[in-house]
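Colleague: The structure is given below, and queries will be raised subsequently.
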Amino acid sequence: MFDLIRCVRDHQFDSASNMNTKIEINSEVRSTAGKDGAVLLDLRKGVYYSLNGLGTRIWTEIEQGSTFHEIVNHLAGSFAVSSEQLSHDVKKFIFDLERKGLVRTSA
């Protein structure tokens, strides 16, 4: 069962991994950033989300209209991880945002 769930989740990550995948912020989401991270507010649900430093950097890239590929490239020089690991982490973060209804992705 775990492998099936993992396979389904990995397949969903693929939608965010296309080089030109665009990520659009839901119009009902507001954000504010500070030195320790950012806070997102989903106005529809009345739910706040707290982002750490990396999450804030990815969110800022999304706000600026960066594609998945551009986000990974912009972050690549800032972290001592492999490009595969960074790509996976960004995919997972975007998948989580999409699952919560905070963003939408399109090719």
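The values are calculated or read from the model by the stated rules, or taken from the named source; none is laboratory data. What you are looking at is a predicted structure, and each value in this text was computed from that prediction instead of being measured. Neighbour counts run over all protein chains shown; Cβ positions are idealised from the backbone, glycine included.
Colleague: I'm told residue 45 meets every condition in (1) touching a strand residue (DSSP E or B) at 6+ places or on another chain (Cβ under 8 Å); (2) of a type outside the set (Phe, Trp, Tyr); (3) part of a loop (DSSP other than H, G, I, E, B) except one. Can you identify the failing condition by its number?
Modeller: Residue 45 satisfies all of (1) touching a strand residue (DSSP E or B) at 6+ places or on another chain (Cβ under 8 Å); (2) of a type outside the set (Phe, Trp, Tyr); (3) part of a loop (DSSP other than H, G, I, E, B) except (1).
Colleague: I've got another one for you. I'm told residue 30 meets every condition in (1) at pLDDT 95 or above; (2) assigned to a loop (DSSP other than H, G, I, E, B) except one. Can you identify the failing condition by its number?
Modeller: Only one criterion in (1) at pLDDT 95 or above; (2) assigned to a loop (DSSP other than H, G, I, E, B) is unmet by residue 30, namely (2).
Colleague: Out of curiosity, is residue 72 within 13 Å of the chain's Cα centre (by Cα) and farther than 16 Å from residue 103 by Cα?
Modeller: Against the criterion (within 13 Å of the chain's Cα centre (by Cα) and farther than 16 Å from residue 103 by Cα), residue 72 qualifies.
Colleague: Is it true that residue 107 is surrounded by 13 or more Cβ atoms within 10 Å (Cβ to Cβ), under 19 Å from residue 20 (Cα atoms), over 14 Å from the mean Cα position of the chain (by Cα) and not β-branched (Val, Ile, Thr)?
Modeller: Spelling it out, it is not the case that residue 107 is surrounded by 13 or more Cβ atoms within 10 Å (Cβ to Cβ), under 19 Å from residue 20 (Cα atoms), over 14 Å from the mean Cα position of the chain (by Cα) and not β-branched (Val, Ile, Thr).
Colleague: Being within 17 Å of residue 101 (Cα to Cα) and crowded, with 17+ Cβ neighbours inside 10 Å narrows it down to one residue among 50, 31, 27; which is it?
Modeller: After ruling out the rest, the residue left standing is 31.
Colleague: Output the number of residues of the range 76-87 satisfying the condition of being of a type outside the set (S, T, N, Q) and either in contact (Cβ under 8 Å) with a residue 40 or more places away in the chain or touching an Asp or Glu at 6+ places or on another chain (Cβ under 8 Å) (or both).
Modeller: 1
Colleague: Among (1) buried (at least 20 other Cβ atoms within 10 Å of the Cβ); (2) within 21 Å of residue 36 (Cα to Cα); (3) at pLDDT below 95, where does residue 79 come up short?
Modeller: Result: residue 79 fails condition (1) only.
Colleague: Take the range 71-107 and flag every residue that is assigned to a helix (DSSP H, G or I), in contact with a strand residue (DSSP E or B) (Cβ under 7 Å, 6 or more places away or on another chain) and not hydrophobic (A, V, I, L, M, F, W, C).
Modeller: 98
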